[in-house]
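Shown next, in structure tokens, is the structure this report addresses.
The values are calculated or read from the model by the stated rules, or taken from the named source; none is laboratory data. Source: prediction; values computed, not measured. Note: ideal-geometry Cβ built from the backbone for every residue, glycine included; neighbour counts use all protein chains shown.
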Amino acid sequence: MAGGASGQGDFHIIHDGEPAYRVDPRPYSLSDFAPTCWWQQTFPGSHFRKSLTCSIPTSSGRVTLSGNRLIVTGDGHREEITLTSDAEILAAYRRYFGIILDRVPVVEEDSCLLRATPDTGTARPS
């Protein structure tokens with residue numbers, strides 16, 4: 001790690017001799033991230049438009065379901081499980097997120113976002 005050239009207190013994370021990350025310790029408000037969120041939601045090449053991702057913080061980490069990949073992190077450990085059936089995917093939505101669906105949601109090509117409707121539990125474009 002090295003201090004940033006900007007003199008602002010940035011930290012540059014070097015991996016294998018190449019810059020990998022720049023950490024900015026300045027505080028930001030949530031609204032500062034609005035342009036990035038908009039871009040992630042609307043850019044055709046964004047992975048958020050190509051697959052569904054559901055993520056929730058836990059007391060020790062986070063649980064994420066992305067397509068058929070269940071990722072559980074906590075207490076310094078990360079486990080990634082490939083779910084092999086619709087039944088397993090639906091059970092993960094129910095167990096980890098409290099979402100009860102009658103079928104696995106899919107991304108429609110002309111849809112930017114999908115959400116589960118509270119009345120039916122089925123996925124629909126927003």
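Screening TYR93 with (1) out of contact with any Leu (no Cβ under 6 Å at 6 or more places or on another chain); (2) at pLDDT 95 or above; (3) not aliphatic (A, V, I, L, M) gives one miss only, at (1). Taking the numbered list (1) among the acidic types (Asp, Glu); (2) at pLDDT 90 or above; (3) over 29 Å from ASP10 (Cα atoms) in turn, ASP75 passes all entries but (3). Scanning the stretch 17-61 for residues that are loosely packed, with under 11 Cβ neighbours inside 10 Å and of a type in the set (Val, Ile, Thr) gives a single hit, THR36.
Would you pick out the residues in the stretch 1-16 that are surrounded by 11 or more Cβ atoms within 10 Å (Cβ to Cβ), in a strand (DSSP E or B) and at pLDDT 50 or above? Those that are surrounded by 11 or more Cβ atoms within 10 Å (Cβ to Cβ), in a strand (DSSP E or B) and at pLDDT 50 or above: PHE11, HIS12, ILE13, ILE14.
The lone criterion from (1) among the hydroxyl-bearing types (Ser, Thr, Tyr); (2) more than 21 Å from ILE99 (Cα to Cα); (3) not assigned by TED's automatic domain parsing to the domain that holds ASP10 left unmet by SER31 is number (3). Restricting to the stretch 38-82, and then to whatever is out of contact with any helix residue (DSSP H, G or I) (no Cβ under 8 Å at 6 or more places or on another chain) and basic (Lys, Arg), can you tell me which residue is farthest from ILE99 (Cα to Cα)? Ranking the candidates gives ARG78 first.
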